[in-house]
Amino acid sequence: MTATMLGDSGAQRRPAGWPVPAGEAARVAALHGLGVLDQPRQADLDAAARLTAYVCGTSTALINLIDADRQWTAGAHGFEPQEVGREASMCAHAVLGREVVHTTDARADDRFAASPFVTGAIAGARRYASAPLLTRDGHAVGAVCAFDEATGGFTDEQLGLLRDVADQVMALFEMRRMTAALARLAARDPLTGVANRRGLEQAIASAIARAERGLGTPSLVVVDLDGFTEINATLGHPAADAVLRSVAGRLVATARAVDTVGRLGGDEFAVLLEHTGGPGATAALGRLRRCLHEDSDGGGTPVVGACLGMATYRPGDSVASLMSRADAEMYAEKARRP
């Protein structure tokens, strides 16, 4: 065997046969926390794989993420990405430690010889090298690997450059995670924690796009509170803020997990009901109405009434037209009040 041996002393093997590092649950949680699994193919990750093949002098390079029971390819050069079981993964060995794993001939290496990436079932890898993708906490969530069908070794410089590429790919993943987190914060109302107008409009736009492809019919409920101005004037901002948080909490507790609750501004809220039209939308409107007219939330927060209006998607609707029709229904209800 002509390979660098590392990390196996702390590993266990599952019945399926793949090696499992110590702290596997935390490692998988770190991978899922990045939010990079099962994403559309990205040109920059394919470019990183192309750079890997160039610096290592191989025909093929992959950026592989190692989930609990599978390998998912995030970037590729010289190979069509495909998901495989973890037992088939060569890079499953790279997540056992922090060092670069490499071999001059995978067919003669007990760790890799049975892999379909070596036997020809998927590929015919012979010389192979992989550098783990390490989070800031030291969890190896995947690897950047290079291989081809010729036997031979890698220079120290090539292995060092492979490590450098892996570090840059990991930095890219971390940047994407932070960008996604900031985007979520930017789409949230800081007082109530529900979506703000921007976040709600984005959710409505996505629901309309799905409806246009025949994937469900959404409805939108607009909620305008009664007596909120008086509470603000007589009891002060803290009490008014408590009312808004209470209303948001009631709406979230009543809506389904797939629905989106948002605050449009001031004392106006909205609930996007995914895949809900007809009788289902009417029933949902009734539940939302009842939750807002309960006597108490148990915390002594002042109770206010509300007017609600609902509109269900029609072909040709835009975000603005759907919101406008729901608004009109809400104002019509308000006008009917004695």
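The values are calculated or read from the model by the stated rules, or taken from the named source; none is laboratory data. In this text the structure is predicted, and so the values were computed from the model without any measurement. Here Cβ is always computed from backbone atoms with ideal geometry, including for glycine, and neighbour counts include all displayed protein chains.
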Check off (1) of a type in the set (S, T, Y); (2) assigned by TED's automatic domain parsing to the domain that holds D317; (3) surrounded by fewer than 18 Cβ atoms within 10 Å (Cβ to Cβ) for T155 and give me the number that stays unchecked.
(2)
Quick one: in the range 79-109, which of the residues that are in contact with a helix residue (DSSP H, G or I) (Cβ under 6 Å, 6 or more places away or on another chain) and part of a loop (DSSP other than H, G, I, E, B) is farthest from D156 (Cα to Cα)?
M90
Subset of the range 85-102 [under 24 Å from the mean Cα position of the chain (by Cα) and surrounded by 18 or more Cβ atoms within 10 Å (Cβ to Cβ)]
R86, S89, C91, A92, V95
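So which of D105, D109, D148, D137 is within 30 Å of A25 (Cα to Cα), charged (D, E, K, R) and more than 21 Å from the chain's Cα centre (by Cα)?
Details: D105 fails: within 30 Å of A25 (Cα to Cα); D148 fails: within 30 Å of A25 (Cα to Cα); D137 fails: more than 21 Å from the chain's Cα centre (by Cα).
Being within 30 Å of A25 (Cα to Cα), charged (D, E, K, R) and more than 21 Å from the chain's Cα centre (by Cα) holds for just one of D105, D109, D148, D137, which is D109.
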Which residue pairs have Cβ atoms closer than 7 Å, lie 6 or more positions apart in sequence or on different chains, and pair a first residue in the range 319-336 that is under 20 Å from E201 (Cα atoms) with a second residue that is surrounded by 14 or more Cβ atoms within 10 Å (Cβ to Cβ) and among the acidic types (D, E)?
V319/E201; M330/D224
Would you confirm whether any residue within the range 241-251 is surrounded by 21 or more Cβ atoms within 10 Å (Cβ to Cβ), touching a residue at least 60 places away in the same chain (Cβ under 8 Å) and under 20 Å from T312 (Cβ atoms)?
no
Of (1) touching a strand residue (DSSP E or B) at 6+ places or on another chain (Cβ under 6 Å); (2) within 24 Å of Y331 (Cβ to Cβ), V252 satisfies every one except (2)
Considering residues that are assigned to a helix (DSSP H, G or I) and more than 30 Å from P315 (Cβ to Cβ), the number found within the range 184-238 is 13
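Of the residues P190, P238, which single one is under 28 Å from L288 (Cβ atoms) and outside the structural domain of E268 (by TED's automatic domain parsing)? Can you show your working first?
Working: P238 fails: outside the structural domain of E268 (by TED's automatic domain parsing).
From the options P190, P238, the qualifying one is P190.
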Cβ-Cβ under 6 Å, sequence separation 6+ or interchain: first residue in the range 150-164 and of a type in the set (S, T, Y), partner modelled with pLDDT of 95 or more and surrounded by 14 or more Cβ atoms within 10 Å (Cβ to Cβ). Which pairs?
T151/T104; T151/D105; T151/R126; T151/R127
If you take the residues of the range 187-211 that are more than 18 Å from G262 (Cα to Cα) and free of Cβ contacts under 8 Å to residues at least 12 places away in the same chain, which of them is surrounded by the fewest Cβ atoms within 10 Å (Cβ to Cβ)?
A209
Looking at the range 52-70, which of its residues are closer than 22 Å to L159 by Cα and in a strand (DSSP E or B)?
T60, A61, L62, I63, N64, L65, I66
If T229 satisfies all but one of (1) of a type in the set (V, I, T); (2) at pLDDT 90 or above; (3) surrounded by fewer than 20 Cβ atoms within 10 Å (Cβ to Cβ), what's the number of the condition it fails?
(2)
Evaluate the range 271-279: report whether one residue or more is touching a residue at least 40 places away in the same chain (Cβ under 8 Å), of a type outside the set (K, R), surrounded by 14 or more Cβ atoms within 10 Å (Cβ to Cβ) and in a helix (DSSP H, G or I).
no
Among residues of the range 116-136 being crowded, with 24+ Cβ neighbours inside 10 Å and small (G, A, S), the residue farthest from M175 (Cα to Cα) is A125
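Kindly evaluate E149 against the criterion of being among the acidic types (D, E) and either in contact with an Asp or Glu (Cβ under 9 Å, 6 or more places away or on another chain) or under 30 Å from V304 (Cβ atoms) (or both). First the steps, then the outcome.
Numbers: among the acidic types (D, E): yes; either in contact with an Asp or Glu (Cβ under 9 Å, 6 or more places away or on another chain) or under 30 Å from V304 (Cβ atoms) (or both): no.
Criteria not met by E149.
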